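S.K.: Just dropping this structure here.
The values are calculated or read from the model by the stated rules, or taken from the named source; none is laboratory data. As the structure is a prediction and not an experimental result, all values here were calculated from the model. We place every Cβ from the backbone using ideal geometry, glycine too, and count neighbours over all the protein chains shown. Heavy atoms of the whole protein, side chains included, go into the accessibility calculation; ligands, DNA and RNA do not. Shrake-Rupley method; radii C 1.70, N 1.55, O 1.52, S 1.80 Å.
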Amino acid sequence: MAFILFCIGVMGGLLAVVVLRADPRRWDNRFFAVTMCLDALLSVVRSICLLSGLHLFDRPCLQVSLVLNVLLAYASAEFVWAFPSGRPAPHALRIPVLGWTLVCAGLASHPDGFRWFGPRGDVLFFWPFFAVVLGLLAKNARALRNASERGGVAVVLIGVALRWTFSVFAYDLAKGVSHPAFRVILALDASVVVFLGYVLFGWGVLRYNLFRVRGVVAEILLYTGMGVTSVGAVTAGIGWALSLPVGATQRLALLGFAALPVALYALLRWARPRIERALLVPIDPRRGIAKHMLARVARGAETEVRPAALVRLAVDALRELAGGGAGFVPGPAYRDEGGAPPALQLPPRLVTYLADNEVALVRGTDLAAEVADAFRHVHADRMVAVRRGGAFYGALTLERGCCMDRDTVTGAVTLAEHLALKLENCALFTEMLALRGELEESRRLASLGAFAAAIAHDIRTPLTSVQMNVQILRGKVSLPEDDMEYFDIALDELRRLNGSVQEILDYAKPVEMRPAEVELSGLADEAARRMAPLLEERHVGLDTRLGAGLPPVLADAQHLRQVLINLIDNAAQASEEGARIELVTRRSDDGKVAFEVADRGRGICAADLPKIFEPFFTTRADGTGLGLAIAQKLVRANGGEIRVASAVGSGSTFTVLLPAA
């Protein structure tokens with residue numbers, strides 16, 4: 001009997017190790033391991049009691065068993081709370097329950113407390129825990145809509161119910177029948193019921209957590225064989241040493257074999273990967289596939305910087321591992337090679353769920369409808385979150401019909417973590433390239449501006465002198481009206497040239513800020529009145545729609561006035577005679593304050609749109625290409641942004657967005 005109890009204890013410990021190694025981050029796996037370890041310790045303690053000449057119903061054995069059963073009850077309650085969601089119990093519930101558990105364990109461990117608590121333990125502790133555990137398991141089973149997953153929880157429910165029902169009910173009934181009956185019931189509870197509980201309890205957890213039973217059995221056999229080999233070698237060595245004559249040789253032999261466990265542990269630790277490849281891979285070939293797949297993906301992703309290629313590597317590897325359908329659905333943080341977000345993304349509710357749960361069961365749950373609405377081509381059974389830090393890049397999907405086991409899911413989790421890291425690196429690399437390009441562009445424009453400013457300074461002085469001399473000559477000569485017109489043409493061209501030089505100087509000089517709260521509608525009305533004579537001269541109308549109650553903006557009023565006048569002037573030059581321009585101030589969708597200048601002129605072709613804010617780019621024969629560049633520079637200096645929407649033949653709309661003060 002002692003040997004049977006010892007073997008049952010070893011089995012429980014091995015089962016705890018296997019489940020915990022599968023995913024130590026899950027709370028249900030953690031408390032399952034604690035429960036199995038306590039149960040294994042209980043079996044080992046009972047076997048030691050039997051080997052020492054005690055009976056299971058003797059007081060020392062009963063007292064230790066009662067303490068361990070109290071702790072086992074608490075661990076079981078924690079497990080069923082976390083199973084199968086993987087979430088821990090709230091502290092508001094855990095702290096008082098744990099406190100009462102420790103009080104009861106303390107009473108059971110004290111001789112006087114044992115005499116008082118023993119007859120009352122069922123009512124004070126075990127019966128309430130029994131009701132809570134069964135209630136939680138039934139609730140968790142009903143919450144699952146998938147029949148196969150509910151079956152795994154149901155098996156756990158049966159295993160726990162069997163263990164608790166036999167222990168709680170049978171003990172009380174046996175005590176009331178006879179002392180021999182109590183001894184039989186106690187022996188059955190310690191051996192047969194514990195073993196059946198292990199089988200049902202473990203099978204349910206393995207089934208829900210997608211273990212391959214063949215792989216689990218192979219692991220248990222491997223580690224059991226390694227343990228038995230170590231214990232057998234040490235026992236045989238000590239036995240041989242004891243057979244030697246008493247003396248120095250025997251003492252050296254005993255000392256050597258006493259240190260043998262450390263040497264065997266180091267040897268087995270070194271040999272474990274090789275033993276796994278030699279023994280476990282033939283029994284469970286998917287173990288070898290998973291390791292080979294992950295190594296191949298790591299090699300392929302070393303130099304890859306394209307997000308789509310990285311996703312393709314991960315999906316292809318997952319398909320090979322799963323033996324069927326696998327895919328990827330993008331999330332909010334995913335960007336393609338051009339930096340654009342995907343057209344289709346995960347529904348927000350699923351993103352929120354995957355932010356808390358690494359693996360989401362989709363089929364048979366209310367998440368399936370949302371996935372079906374968002375992605376008509378995705379038939380996901382499970383989704384594995386691809387996230388890192390606060391960035392959610394998407395999810396790897398395992399579709400119906402693929403091999404759904406522990407190796408597949410843990411491989412998908414590992415792939416998701418690796419993919420998230422690589423996508424983060426891609427984003428940082430892209431951002432670095434963009435910053436480098438902006439820095440080089442800024443240097444180029446700064447050099448160009450400095451060169452242009454130097455030339456403008458050299459031109460401005462003689463240009464002013466020429467303009468003054470022409471004006472003086474026009475006032476002194478008396479020529480026919482037709483000949484005097486040449487002076488007017490020269491003066492107009494000189495004024496235009498002087499304006500171009502001034503634009504170059506304005507672009508080259510640094511922006512001086514005098515920020516204050518500015519009412520945008522009032523500023524727009526002032527700019528419209530100032531531009532009215534010029535627009536009337538060009539026979540272009542101006543319609544204003546100034547929003548009321550807009551919040552002020554913190555900006556330099558002179559800068560905004562210059563931008564407004566520039567945009568209105570550009571719109572007038574792009575419009576035909578008799579056309580009308582619109583000036584609008586409004587509140588944008590994102591809470592900013594905006595003004596728009598829209599015309600119905602010739603528009604801007606798509607090829608030129610990316611260039612219109614570049615210095616010295618212009619499509620007008622008399623333009624310098626600095627007007628919009630200066631406007632963008634001033635808007636950015638005031639914390640805003642300028643946007644343009646245009647189509648050839650339909651006109652253009654320039655929108656300036658500024659943050660509210």
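S.K.: Take residue 445 and decide whether it is modelled with pLDDT of 75 or more and either outside any helix (DSSP H, G or I) or open to solvent by less than 70 Å² (accessible area, probe 1.4 Å) (or both).
M.R.: For residue 445, the condition - modelled with pLDDT of 75 or more and either outside any helix (DSSP H, G or I) or open to solvent by less than 70 Å² (accessible area, probe 1.4 Å) (or both) - is not met.
S.K.: Does the stretch 70-90 contain any residue that is loosely packed, with under 15 Cβ neighbours inside 10 Å, β-branched (Val, Ile, Thr) and out of contact with any His (no Cβ under 7 Å at 6 or more places or on another chain)?
M.R.: Taking every residue of the stretch 70-90 in turn, none turns out to be loosely packed, with under 15 Cβ neighbours inside 10 Å, β-branched (Val, Ile, Thr) and out of contact with any His (no Cβ under 7 Å at 6 or more places or on another chain).
Quick grid of which residues meet (1) over 17 Å from residue 569 (Cα atoms); (2) surrounded by 15 or more Cβ atoms within 10 Å (Cβ to Cβ); (3) under 54 Å from the mean Cα position of the chain (by Cα); (4) at pLDDT 85 or above:
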{"site": "469", "(1), (2), (3), (4)": "yes, no, no, no"}
{"site": "476", "(1), (2), (3), (4)": "yes, no, no, no"}
{"site": "480", "(1), (2), (3), (4)": "yes, no, no, no"}
{"site": "485", "(1), (2), (3), (4)": "yes, no, no, no"}
{"site": "489", "(1), (2), (3), (4)": "yes, no, no, no"}
{"site": "492", "(1), (2), (3), (4)": "yes, no, no, no"}
{"site": "513", "(1), (2), (3), (4)": "yes, no, yes, no"}
{"site": "519", "(1), (2), (3), (4)": "yes, yes, yes, yes"}
{"site": "540", "(1), (2), (3), (4)": "no, yes, no, yes"}
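S.K.: Let me ask something else about it. Go through (1) under 19 Å from residue 322 (Cα atoms); (2) basic (Lys, Arg); (3) modelled with pLDDT of 80 or more for residue 400 and report which single condition fails.
M.R.: Unmet condition: (3).
S.K.: For the stretch 299-320, how many residues are in a helix (DSSP H, G or I) and either at pLDDT 80 or above or in contact with a helix residue (DSSP H, G or I) (Cβ under 9 Å, 6 or more places away or on another chain) (or both)?
M.R.: Count: 15.
S.K.: Return the total of residues in the stretch 77-126 being assigned to a helix (DSSP H, G or I) and more than 31 Å from the chain's Cα centre (by Cα).
M.R.: Total meeting the criteria: 30.
S.K.: Of all residues being in contact with a helix residue (DSSP H, G or I) (Cβ under 7 Å, 6 or more places away or on another chain) and of a type outside the set (A, V, I, L, M, F, W, C) in the stretch 579-610, which is farthest from residue 518 (Cα to Cα)? Just the residue, please. I'd like the intermediate steps shown before the answer.
M.R.: Of the residues in the stretch 579-610, the ones in contact with a helix residue (DSSP H, G or I) (Cβ under 7 Å, 6 or more places away or on another chain) are 581, 583, 585, 593, 595, 597, 599, 601-602.
Still in the running and of a type outside the set (A, V, I, L, M, F, W, C): 585, 599, 601-602.
On the way: 585: 13, 599: 25, 601: 30, 602: 33 Å.
Per the criteria, the residue is 602.
S.K.: Which residue is farthest from residue 597 (Cα to Cα), if the candidates are limited to the stretch 547-564 and must be touching a residue at least 12 places away in the same chain (Cβ under 8 Å) and open to solvent by 60 Å² or more (accessible area, probe 1.4 Å)?
M.R.: Result: 554.
S.K.: For residue 74, only one of the following conditions fails: (1) closer than 17 Å to residue 4 by Cα; (2) out of contact with any Cys (no Cβ under 8 Å at 6 or more places or on another chain). What is its number?
M.R.: Unmet for residue 74, out of (1) closer than 17 Å to residue 4 by Cα; (2) out of contact with any Cys (no Cβ under 8 Å at 6 or more places or on another chain): (1).
S.K.: Between 221, 252, 244, which is out of contact with any helix residue (DSSP H, G or I) (no Cβ under 6 Å at 6 or more places or on another chain), modelled with pLDDT of 80 or more, of a type in the set (A, V, I, L, M) and surrounded by 12 or more Cβ atoms within 10 Å (Cβ to Cβ)?
M.R.: Criteria check complete, one pass: 252.
S.K.: Is it the case that the stretch 602-621 has a residue that's buried (at least 21 other Cβ atoms within 10 Å of the Cβ) and at pLDDT 85 or above?
M.R.: No: zero hits.
S.K.: Take the residues in the stretch 91-115 that are in contact with a helix residue (DSSP H, G or I) (Cβ under 7 Å, 6 or more places away or on another chain) and open to solvent by 50 Å² or more (accessible area, probe 1.4 Å), then tell me which one is modelled with the highest pLDDT.
M.R.: Result: 98.
S.K.: Here's something else I'd like to know. Please find, within the stretch 21-30, the residue that is modelled with the highest pLDDT out of those that are under 17 Å from residue 72 (Cα atoms) and open to solvent by 30 Å² or more (accessible area, probe 1.4 Å).
M.R.: Step one: of the stretch 21-30, the residues under 17 Å from residue 72 (Cα atoms) are 27-30.
With open to solvent by 30 Å² or more (accessible area, probe 1.4 Å) added as a condition, the list becomes 27, 30.
On the way: 27: 78, 30: 81.
Only one residue tops the list, namely 30.
S.K.: I've got another one for you. Cβ-Cβ distance below 7 Å, separation of 6 or more or different chains: which pairs start in the stretch 473-495 with a residue that is in contact (Cβ under 8 Å) with a residue 24 or more places away in the chain and end on one that is open to solvent by 80 Å² or more (accessible area, probe 1.4 Å)?
M.R.: Listed by first residue and then by second, the contacts come to 491/471.
S.K.: Within the stretch 365-388, does at least one residue satisfy the condition of being surrounded by fewer than 17 Cβ atoms within 10 Å (Cβ to Cβ) and either at pLDDT 75 or above or of a type in the set (S, T, N, Q) (or both)?
M.R.: Scanning the stretch 365-388 turns up no residue that is surrounded by fewer than 17 Cβ atoms within 10 Å (Cβ to Cβ) and either at pLDDT 75 or above or of a type in the set (S, T, N, Q) (or both).
S.K.: Restricting to the stretch 39-49, what's the tally of residues that are buried (at least 21 other Cβ atoms within 10 Å of the Cβ) and of a type in the set (A, V, I, L, M)?
M.R.: Qualifying residue count, the stretch 39-49: 2.
S.K.: Continuing with the same structure: Please identify the pairs in which a residue from the stretch 565-584 that is farther than 8 Å from residue 597 by Cβ has its Cβ atom under 6 Å from the Cβ atom of a residue that is part of a helix (DSSP H, G or I) and of a type outside the set (A, V, I, L, M), counting only partners at least 6 apart or on another chain.
M.R.: Qualifying pairs under 6 Å: 566/627.
S.K.: A further question on this structure: Is there a residue being closer than 30 Å to residue 323 by Cβ, loosely packed, with under 13 Cβ neighbours inside 10 Å and modelled with pLDDT under 70 anywhere in the stretch 261-272?
M.R.: Taking the stretch 261-272 and keeping what is closer than 30 Å to residue 323 by Cβ, we get 272.
Then drop every residue that is not loosely packed, with under 13 Cβ neighbours inside 10 Å, which leaves none.
There is no residue in the stretch 261-272 that is closer than 30 Å to residue 323 by Cβ, loosely packed, with under 13 Cβ neighbours inside 10 Å and modelled with pLDDT under 70.
S.K.: For the subset of the stretch 422-438 comprising residues that are within 21 Å of residue 330 (Cβ to Cβ) and either open to solvent by 60 Å² or more (accessible area, probe 1.4 Å) or outside any helix (DSSP H, G or I) (or both), which member is modelled with the highest pLDDT?
M.R.: By that ranking, first place goes to 425.
S.K.: Being part of a loop (DSSP other than H, G, I, E, B) and either under 17 Å from residue 581 (Cα atoms) or in contact with a Lys or Arg (Cβ under 7 Å, 6 or more places away or on another chain) (or both) is the filter here, so list the residues in the stretch 592-613 that pass it.
M.R.: Hits for the stretch 592-613 are 599, 600, 601, 602, 603, 604.
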